[in-house]
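*Asks:* The structure is given below, and queries will be raised subsequently.
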Amino acid sequence: MTTQAQPSATAAVRLPRLISPPGVYAPQNDTRMLARALSCEVVGRSTSLLDLGTGSGALAIQAARLGARVTAIDISWRAVWAARLNAHLSRQHVIVRHGDLETALRGPSFEIIVSNPPYVPSPSADLPSRGKARSWDAGPDGRALLDRICDAAPSALRPGGVLLLVQSALPGTEVTLKGLTDAGLRPEVIDRARIPLGPVLRSRAAWLRRQGLMGAQSWEELVVIRAEKV
């Protein structure tokens with residue numbers, strides 16, 4: 001069973017300097033928010049943790065530094081090799097595997113699952129199979145991966161286990177909260193931040209507004225959701 005330490009809204013987490021080759025998601029604001037949420041969990045040597053969609057391995061390495069037994073998984077072979085290299089350079093033991101969401105959540109259960117999945121709404125319903133956009137495109141409503149995580153994560157958590165998930169508010173924070181509740185978890189938003197629109201969202205701003213997914217604002221809200229299996 002995991003417990004949550006007293007969070008600090010101003011707590012800063014120093015992430016390691018990592019190699020992020022082209023096509024592999026480099027740590028950004030959402031990564032740092034999720035790392036801060038992870039630092040508020042009580043993690044020990046017996047804590048089993050899954051980093052779902054590890055990218056460069058930033059969160060997996062941070063979890064290993066906290067003492068967790070870490071498994072990291074990504075559908076991109078380039079991300080797998082980057083995460084393995086970064087774990088080696090950081091002198092942290094992380095098991096990094098290649099696989100999709102179903103592969104990751106099949107088999108042994110975990111006490112903590114962390115995930116920074118693709119969540120950016122995209123004009124195309126087809127998810128990219130390669131390239132940079134694979135790290136963020138998530139279908140017209142941005143929920144292609146979020147809904148699957150809501151459905152599948154509970155079965156991969158041990159009783160008392162915790163899912164830590166970061167997403168933009170554009171795909172609907174309340175939709176995620178309801179999905180996790182319906183799946184048997186107890187979710188809550190534990191962190192929020194408004195950040196300026198990045199290049200991808202700026203390039204899609206007109207389309208997002210036509211779809212009713214964004215107003216006239218020049219910022220995006222990121223949220224971290226903590227969902228406990230009771």
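*Asks:* Read phi for every residue in the stretch 118-130 and hand back ³J(HN,Hα) as whole Hz from Karplus 6.51 cos²θ - 1.76 cosθ + 1.60, θ = phi - 60°, with x for Gly and Pro.
*Replies:* Along the stretch 118-130, the couplings run x, 9, 8, x, 10, x, 9, 7, 8, 6, x, 9, 7 Hz.
*Asks:* What ³J(HN,Hα) values, in whole Hz, does the Karplus curve 6.51 cos²θ - 1.76 cosθ + 1.60 give for the stretch 100-114 when θ = phi - 60°, with x put for Gly and Pro?
*Replies:* Per residue, the Karplus-derived 3J(HN,Hα) values read 9, 4, 5, 4, 5, 9, 9, x, x, 8, 10, 8, 9, 10, 10 Hz.
*Asks:* Helix 173-182 versus the longest principal axis of the chain: what is the Cα-based angle in degrees, 0 to 90, to the nearest 10?
*Replies:* 50
*Asks:* Taking every DSSP beta bridge with both residues inside the chain, roughly what % is antiparallel (nearest 5)?
*Replies:* The answer is about 50 percent antiparallel.
*Asks:* Right, something else. At most 12 other C-beta atoms within 10 Å and a DSSP loop state: those are the exposed trypsin sites (Lys or Arg not before Pro) I care about. Give me the longest piece of the chain that has none.
*Replies:* 131-230
*Asks:* Here's another thing I want to ask about it. What percent does the relative contact order of the chain come to when contacts are Cα pairs within less than 8 Å and at least six residues apart?
*Replies:* 19
*Asks:* Quick check on the chain: helices-only [θ] at 222 nm, where DSSP H runs of length 4 and up contribute -39,500 (n - 2.57) each and the sum goes over total residues. Nearest 500, please.
*Replies:* The helix-only estimate for the chain comes to -9000 deg cm²/dmol at 222 nm.
*Asks:* For A72, what residues show an amide H to amide H distance below 5 Å, using hydrogens built from the backbone and excluding near sequence neighbours?
*Replies:* Placed amide hydrogens put D51, I95, V96, R97 under 5 Å from A72.
*Asks:* Mean shadow of the chain, computed from the convex hull of its alpha carbons, in nm²?
*Replies:* Average of the hull's projected areas for the chain equals 11.3 nm².
*Asks:* Please state the charge dipole magnitude for the chain, taken about the Cα centre, from unit charges on C-beta atoms (+1 on K and R, -1 on D and E), reported in debye and rounded to the nearest 20.
*Replies:* Value, rounded to 20: 700 debye.
*Asks:* To test your reading of the geometry: what angle, between 0 and 90 degrees and rounded to tens, separates the Cα axis of helix 146-156 from the longest principal axis of the chain?
*Replies:* Computed tilt is about 20 degrees.
*Asks:* Also: Quick one: dipole size for the stretch 86-220, taken about the Cα centre, charges +1 on Lys/Arg Cβ and -1 on Asp/Glu Cβ, in debye to the nearest 20.
*Replies:* 420
*Asks:* Helix 77-89 versus the longest principal axis of the chain: what angle, 0 to 90°, nearest 10, using Cα atoms?
*Replies:* Helix 77-89 sits at roughly 50 degrees to that axis.
Computed from the coordinates by the stated procedures, all read-outs in this text should not be read as laboratory data. Source: prediction; values computed, not measured. Using ideal geometry, Cβ is built from the backbone for each residue, glycine included, and neighbour counts are taken over all protein chains shown.
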